[in-house]
Structures are given as C-alpha cells and as structure tokens.
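Asker: Have a look at this one.
The values are calculated or read from the model by the stated rules, or taken from the named source; none is laboratory data. Just so you know, these numbers come straight off a predicted model, no measurement behind them. Here Cβ is always computed from backbone atoms with ideal geometry, including for glycine, and neighbour counts include all displayed protein chains. What goes into the accessible areas is simple: the full protein's heavy atoms, side chains included, and nothing from ligands, DNA or RNA. Shrake-Rupley method; radii C 1.70, N 1.55, O 1.52, S 1.80 Å.
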Amino acid sequence: MATTTVAESERDGSGEQKKWKKGGYKTLPFIMANEICDKFATAGFNSNLITYLTQQLNMSLVDASNTLANFGGTTSLTVVLGAFAADSFIGRFWSIVAGSLFYQIGMLGLVMSAVVPALRPPPCDPPSSTNCPRPSAGQLAVLYVSMLCTCLGTGGIRPSVVAFGADQFDQLQDAEAWANRKRRYFNVYFFTMGSATLLALTLVVYIQENVGWGWGFGIPAISMFVSIVIFVVAYPLYVRAKPGGSAFTRVAQVLVAAVRKRSVAVPEDTGMLYQDKELDAPISTKGRLLHTDNIKCLDRAAIVKPGDISESGQPNLWRLATVHRVEELKAIVRMLPIWSAGIILATAGSHNGSFTIMQARTMERHITRTVEIPPATLSIFTTGTTLVSIICYDRVFVPLARRVTGLPSGVTYFQRMGIGLTIAVFGVASAALVETRRRHTAVEHGLLDSPKAIVPMSVFWLIPQYAIHGIADAFASVGQMEFLYDQAPESMRSTAVALFWLCGSFGSYLSTVLVTVVQRATRGHGDWLQDNINRGRIDNYYWLITFIMVVNLGHYLLCFHYYTLKPLDLADEPASDLDKECELPSPQKNGNGDGEGMA
C-alpha cells in the first residue's frame with residue numbers, strides 16, 4: 001500500500017507560500033479522542049449485555065452466553081472483511097467512518113429494544129420465578145439485527161484504527177525513533193482503550209442497573225455519535241493511505257500459481273526463482289523479504305514457465321509470483337501457530353462477561369448499607385489492573401529487565417507473550433477455587449435450590465481472578481500485537497491487526513463449543529452448566545479451562561522453539577544501532593526472539 005504524505009500550501013502575511021505537512025502529532029488528539037468515545041460506547045454496550053439478555057429478555061443463561069459468544073466471534077470475524085475493504089477499495093479513513101455509522105445504527109436498534117415495551121417479553125411474575133416468558137421471534141429479530149450491525153461496525157473500525165494512527169508517522173526516516181514510537185504507540189493504544197472501558201464499566205453500568213436500560217444504551221449511542229464527529233472534523237489533517245491492492249488478493253495469486261505448478265520440481269538453485277524489484281517496490285519500501293527454505297511447496301509459484309511473462313515483460317500474477325510475494329505468504333503461515341495460542345486466552349477471558357457476572361449477582365455486593373456494586377462493574381478490576389500493569393511495564397519492568405537481558409525492550413515480545421499466558425493459567429485456577437467456595441457457602445446456608453438468593457459471601461472474592469486476567473492481558477495481548485505487527489510483511493500489517501482480533505473471534509466460538517459440549521456431556525450427570533448455578537458445577541468447568549490453558553502454554557513454548565524470524569533485505573538507508581540489532585542477513589531460528597523491526 002502506497003502512502004502519500006500530502007503537503008498543502010497557504011499564504012502567510014507577506015504573500016509568500018508556506019507548506020505544512022499532514023499527519024504527525026497534531027492528528028493524534030482527534031484519533032485518540034475518537035478511540036476513547038468509540039471504546040466507551042462499545043464497552044458500555046457490551047459489558048453488561050448478559051444482564052440485559054437474562055433479566056430483560058428472559059433468555060436462559062446458556063442461551064445468553066452462547067448468543068454473546070457467537071456475536072463476539074462474528075464481530076471479530078468481520079474484521080477480516082474490514083481489512084480487505086480498507087486495503088483494496090475504500091482506505092482506512094473511510095473504513096473507520098463506515099464502521100462507526102453501522103455501529104451507530106446497531107446501538108439505536110438496542111435503544112429502541114430497551115425503550116419500547118413491545119420489543120421485550122413481559123417481565124417475570126413473580127420476579128423470583130425461573131419460568132419466565134421467552135422472547136418472541138420478532139423480538140429476537142430486532143436484537144439480532146441490531147447486534148449484527150454492531151458486528152459490521154466493529155469490522156470496519158478495528159483493523160484500521162491502529163494502522164491509521166501509525167500512518168500519521170510513516171514519514172519518519174529515523175528507524176530507531178520510529179521503533180520507539182511504535183512500541184509506545186501500542187502501549188498508548190491499549191491504555192486508551194482501557195481508560196475508556198474503565199469509565200464505561202463504572203458510569204454506564206451504574207446507569208443500566210439503577211436508572212434504566214434506555215439511558216444505559218442511549219449514553220453509549222450518543223458517545224458513538226460524538227466519536228464520528230470528532231474523527232471526521234480532522235479530515236484535512238490526516239495522512240490518508242491510498243488503497244494499493246489487497247494482501248488477500250496477493251495470497252490467492254501465490255496459492256493459485258503454486259497449485260498450477262504442483263508437478264514442477266523446485267530448483268536447487270533458489271537464484272532461479274523469479275525476482276522483480278520494480279514490481280515489488282510499492283509493497284516493500286522498507287526492504288524485500290529474502291527466500292527461506294521452509295514451506296518449499298509455495299516456491300513453485302516463483303518458477304518461471306513459458307507463458308508466465310507477456311511480451312511486454314509483465315508477469316501474469318495468477319501464474320507467476322515473485323519471491324517476495326511468496327515469502328509474504330510464508331511469513332503469515334509461520335506466524336499462525338504462535339498466533340493460535342492467543343485463542344485459548346480469549347476463550348478463558350470470554351467467561352468474565354457471562355458466568356462470572358451471574359456468580360457475582362448471587363453474592364453480597366454491598367459497599368455500604370445503601371450502595372452496592374453492579375455485577376458487570378467488577379470488570380473494572382481487569383481493566384484497572386491492565387492499565388496499571390502497562391504503566392509499570394514501561395516504567396519499572398522494562399528498566400529492570402534491561403539490566404539482565406541487555407535488550408532495549410527489556411524482554412522480547414515472545415517472552416512477553418509467554419509470561420502473559422503463564423499468568424493467565426493462575427487466573428482461571430483462582431476462578432475455580434472461588435466458585436468452589438461460593439457453592440459450598442450456598443450449600444451450608446440451605447440455598448441450593450434458591451438460585452436468585454444472595455449467598456453470604458462477599459463479591460470481592462472475585463477480584464483476584466479479574467486482576468490476574470488484567471495482568472495477563474498487559475503481557476500477552478500487547479505482546480501478541482507487537483509480534484503480529486513486527487513479523488507480518490510490511491504490506492500486510494492491516495491483515496496482522498485483523499489476525500489479532502480474529503483471535504478473539506475463534507476464542508469466542510471455541511467458548512460456545514465448549515459450553516455446548518460440556519452442557520450435553522454433563523446432562524443428567526451433575527449438569528455443570530445450568531440456570532441454577534448453585535446446583536451447577538461451574539467450578540469444574542473452570543478447572544477444565546485451566547487444564548486446556550496449561551496444554552496451550554506447552555503448545556506455545558514448542559512453537560516458539562521452532563519459529564523462524566522473517567529475513568529482510570533492508571532498503572538502502574543509513575543503518576541505526578537498532579537496525580544492526582534487528583537485521584537478519586539470513587533465515588535463522590528464533591535465537592533470543594528479536595525479529596526484524598523488533599524494538
């Protein structure tokens with residue numbers, strides 16, 4: 001994708017022309033203000049949705065949990081479509097605008113559902129009843145269409161906003177300065193998202209629980225509208241990357257060319273494979289990828305055969321690919337095993353928005369005699385811990401680790417991910433222990449058949465699992481984003497961002513599969529997951545997730561051991577110390593985990 005920094009002209013008082021450049025720090029207040037309002041809206045909308053589905057729409061716990069997981073997965077899946085559209089047709093700016101408008105429409109639909117009585121089933125009578133009228137097909141249709149619009153909206157926003165912010169600094173030539181800003185940009189991005197989420201989990205959830213769902217959904221809808229206005233107002237200031245052809249199209253071309261030549265032997269001399277610096281120039285401004293010896297079957301796409309190149313010298317890209325384009329696909333394929341380790345982390349985190357909230361609703365939530373904490377607000381302990389951890393990571397952890405490792409970043413992103421995945425195991429284990437205690441307390445007080453009764457146990461017992469999950473996110477999620485951005489080919493970094501969110505998609509879908517399988521497998525044999533959580537065994541389910549996460553950690557360590565860093569033939573420019581540290585003159589194993597562009 002070619003990025004053009006546009007220089008605009010204006011006249012000063014003397015009548016002479018002076019030029020100013022687009023992009024830079026002056027655009028970040030608008031981008032970050034948009035991101036704060038957008039995240040405030042999405043977090044306020046999603047954080048307590050399990051309560052709306054079960055308390056207002058009278059859905060069962062399993063149905064509500066699966067609905068959220070399915071739409072959460074669909075949301076992340078649409079990110080792939082958004083990345084394709086942004087790279088191929090409309091560009092990142094318009095992708096963000098279109099996504100925000102779709103999200104706005106979806107939120108207005110939910111506001112209508114909350115305000116208009118005909119769009120909800122009648123309330124339970126009596127309120128403590130477990131046999132409540134279920135929502136009709138029409139009421140569910142309004143819910144699903146509204147949520148689908150929010151899915152499409154998120155698909156337009158998520159893959160573009162990170163890369164769009166980075167685009168504003170593409171004109172920087174100093175590699176070391178850009179690497180430092182890139183690392184800090186990711187931390188600022190996650191910190192900004194966390195701050196907005198923290199505000200939503202306190203203000204919006206309180207309004208939903210104590211004022212009403214109309215205002216509870218209405219305030220996030222207003223925030224989304226404000227985010228659109230703030231973002232569009234700064235249109236003249238932005239560097240807007242022009243769509244330069246989709247990475248997905250190039251991947252398809254390499255695959256088709258390789259399949260067509262599946263019977264052709266790969267030459268031992270890799271110098272015979274097709275190279276075209278001029279053709280690859282727009283997608284390799286920082287340097288071309290060097291040939292690697294793994295996944296050799298794809299090398300067939302770069303074998304020149306009669307008819308592959310026209311008389312004018314232009315290759316038929318559906319028959320012949322350059323080595324650089326083949327290596328783009330190889331780089332993505334090599335990333336997938338390590339990327340997949342984040343799926344289980346997303347699966348574990350998805351239950352903090354469903355089962356844990358239902359647990360909290362049965363526990364003692366009073367802060368004072370008259371003030372009690374809403375169940376969904378407990379997520380502030382995840383978000384708050386993440387924010388504190390990100391600050392401490394930069395200010396405390398990195399300087400201390402730097403003394404031991406000698407690396408400018410303290411630890412590599414591989415190590416950062418591994419630390420996060422390890423911490424997450426303890427988070428789910430603590431959730432299992434707390435649920436065991438909560439259920440035991442319910443039994444002791446004769447509340448086994450009173451699922452809506454308050455168990456005499458403080459809700460703050462749930463804080464450790466939320467906090468541990470927040471620390472794990474600060475390491476694993478930020479580290480994964482760094483890894484994907486750094487190891488992805490230069491022209492496929494929107495795709496890398498899409499992969500990050502796609503991880504959440506698969507994690508949500510896996511959560512749905514696990515919940516469904518466990519429910520069916522334990523039916524009549526203890527019923528682990530049921531509406532009466534006092535008789536259920538959610539603790540056993542948490543122990544199952546803990547075991548899966550331990551296996552996942554082993555999978556990650558094995559993949560890291562065999563991972564090959566992407567080799568890059570750097571573009572001709574003065575080499576900084578960072579370049580010397582990160583440059584890989586030839587394919588090699590992971591070594592200490594520092595890849596090209598790794599800071």
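Asker: What is the number of the single condition among (1) open to solvent by less than 70 Å² (accessible area, probe 1.4 Å); (2) in contact (Cβ under 8 Å) with a residue 40 or more places away in the chain that R260 does not meet?
Answerer: (1)
Asker: Give the residue that is nearest to A431 (Cα to Cα), with candidates limited to residues of the range 358-381 that are part of a loop (DSSP other than H, G, I, E, B) and over 32 Å from the mean Cα position of the chain (by Cα).
Answerer: The extreme case among them is I367.
Asker: Which is among the charged types (D, E, K, R), farther than 28 Å from L203 by Cβ and not assigned by the TED database to the domain that holds I50, of R361, R369, R403?
Answerer: On the way: R361 fails: farther than 28 Å from L203 by Cβ; R369 fails: farther than 28 Å from L203 by Cβ.
The unique qualifying residue is R403.
Asker: Taking the range 55-78 on its own, how many of its residues are modelled with pLDDT of 80 or more and assigned to a helix (DSSP H, G or I)?
Answerer: Number satisfying all stated conditions: 6.
Asker: Contact list please: Cβ distance under 9 Å, first residue in the range 439-458 and under 20 Å from T356 (Cβ atoms) and part of a loop (DSSP other than H, G, I, E, B), second residue among the aliphatic types (A, V, I, L, M) and open to solvent by 70 Å² or more (accessible area, probe 1.4 Å), pairs at least six apart or on different chains.
Answerer: L447/I454
Asker: In the range 262-283, what residues are under 18 Å from N294 (Cβ atoms) and basic (K, R)?
Answerer: Across the range 262-283, the qualifying residue is only R262.
Asker: What about S450, is it of a type outside the set (A, V, I, L, M), modelled with pLDDT of 85 or more and more than 21 Å from Y189 (Cβ to Cβ)?
Answerer: no
Asker: For the subset of the range 50-82 comprising residues that are closer than 14 Å to V497 by Cβ and touching a Phe, Trp or Tyr at 6+ places or on another chain (Cβ under 8 Å), which member is surrounded by the fewest Cβ atoms within 10 Å (Cβ to Cβ)?
Answerer: Checking each candidate, the answer is S76.
Asker: Taking the range 343-355 as the region of interest, how many residues are open to solvent by less than 10 Å² (accessible area, probe 1.4 Å) and under 21 Å from the mean Cα position of the chain (by Cα)?
Answerer: 3
Asker: Going by what's in this entry, would T42 be described as closer than 23 Å to T347 by Cβ, open to solvent by 10 Å² or more (accessible area, probe 1.4 Å) and over 17 Å from the mean Cα position of the chain (by Cα)? Before the answer, list the steps.
Answerer: Values: closer than 23 Å to T347 by Cβ: yes; open to solvent by 10 Å² or more (accessible area, probe 1.4 Å): yes; over 17 Å from the mean Cα position of the chain (by Cα): no.
Taking the combined requirement at face value, the residue does not satisfy it.
Asker: Could you tell me which residue of the range 298-307 is nearest to F506 (Cα to Cα), considering only residues that are out of contact with any His (no Cβ under 9 Å at 6 or more places or on another chain) and in contact (Cβ under 8 Å) with a residue 24 or more places away in the chain?
Answerer: L298
Asker: Considering only residues that are open to solvent by 50 Å² or more (accessible area, probe 1.4 Å) and either more than 18 Å from M492 (Cα to Cα) or among the β-branched types (V, I, T) (or both), which ones fall in the range 238-255?
Answerer: T249
Asker: Here's something else I'd like to know. For the range 8-27, check the following and say yes or no: at least one residue is assigned to a helix (DSSP H, G or I) and either at pLDDT 80 or above or open to solvent by less than 30 Å² (accessible area, probe 1.4 Å) (or both).
Answerer: Yes, the range 8-27 contains at least one residue that is assigned to a helix (DSSP H, G or I) and either at pLDDT 80 or above or open to solvent by less than 30 Å² (accessible area, probe 1.4 Å) (or both).
Asker: Sticking with this structure for a sec: Output the number of the condition that Q530 fails; it satisfies all remaining conditions of (1) out of contact with any helix residue (DSSP H, G or I) (no Cβ under 7 Å at 6 or more places or on another chain); (2) surrounded by fewer than 19 Cβ atoms within 10 Å (Cβ to Cβ).
Answerer: Failed condition: (2).
Asker: Which ones in the range 311-331 are open to solvent by 20 Å² or more (accessible area, probe 1.4 Å) and either touching a residue at least 60 places away in the same chain (Cβ under 8 Å) or under 18 Å from Y509 (Cα atoms) (or both)?
Answerer: L317, W318, R319, R325
Asker: Restricted to the range 145-163, and to residues that are in contact (Cβ under 8 Å) with a residue 60 or more places away in the chain and polar (S, T, N, Q), which residue is farthest from G82 (Cα to Cα)?
Answerer: T150
Asker: OK, next. Of everything in the range 371-387 that's hydrophobic (A, V, I, L, M, F, W, C) and touching a residue at least 40 places away in the same chain (Cβ under 8 Å), which residue is surrounded by the most Cβ atoms within 10 Å (Cβ to Cβ)?
Answerer: Here the answer is A376.
Asker: Quick check on my filter: what residues within the range 85-122 are modelled with pLDDT under 80 and either open to solvent by 70 Å² or more (accessible area, probe 1.4 Å) or not assigned by the TED database to the domain that holds D167 (or both)?
Answerer: Selection gives F89 alone.
Asker: Would you mention how many residues in the range 220-237 are in a helix (DSSP H, G or I) and open to solvent by less than 30 Å² (accessible area, probe 1.4 Å)?
Answerer: The number of residues fulfilling the criteria is 7.
Asker: Still on this structure, I have one more. Go through A331, A301, A321 for me and flag whichever is assigned to a loop (DSSP other than H, G, I, E, B), more than 30 Å from Y541 (Cα to Cα) and either assigned by the TED database to the domain that holds I419 or of a type in the set (A, V, I, L, M) (or both).
Answerer: A321
Asker: Of the residues V411, V518, V434, which is closer than 25 Å to V551 by Cα and not in a helix (DSSP H, G or I)?
Answerer: V411 is the lone residue from the list that is closer than 25 Å to V551 by Cα and not in a helix (DSSP H, G or I).
Asker: A further question follows. Quick check on my filter: what residues within the range 399-410 are buried (at least 19 other Cβ atoms within 10 Å of the Cβ) and free of Cβ contacts under 8 Å to residues at least 24 places away in the same chain?
Answerer: Result: G410, single match.
Asker: When the residues of the range 264-296 are filtered to those that are without any contact (Cβ under 8 Å) to a residue 60 or more places away in the chain and among the hydroxyl-bearing types (S, T, Y), which remaining residue is least open to solvent (accessible area, probe 1.4 Å)?
Answerer: Top of the filtered list is Y274.
Asker: Could you tell me which residue of the range 539-598 is modelled with the highest pLDDT, considering only residues that are on the phi > 0 side of the Ramachandran plot and within 27 Å of the chain's Cα centre (by Cα)?
Answerer: G593
Asker: For the range 418-436, indicate whether the set of residues that are open to solvent by 20 Å² or more (accessible area, probe 1.4 Å), touching a Lys or Arg at 6+ places or on another chain (Cβ under 7 Å), touching a residue at least 12 places away in the same chain (Cβ under 8 Å) and assigned by the TED database to the domain that holds R361 is non-empty.
Answerer: no
Asker: How many residues are assigned to a helix (DSSP H, G or I), open to solvent by 60 Å² or more (accessible area, probe 1.4 Å) and aliphatic (A, V, I, L, M) if we restrict to the range 181-219?
Answerer: Residues meeting the conditions: 3.
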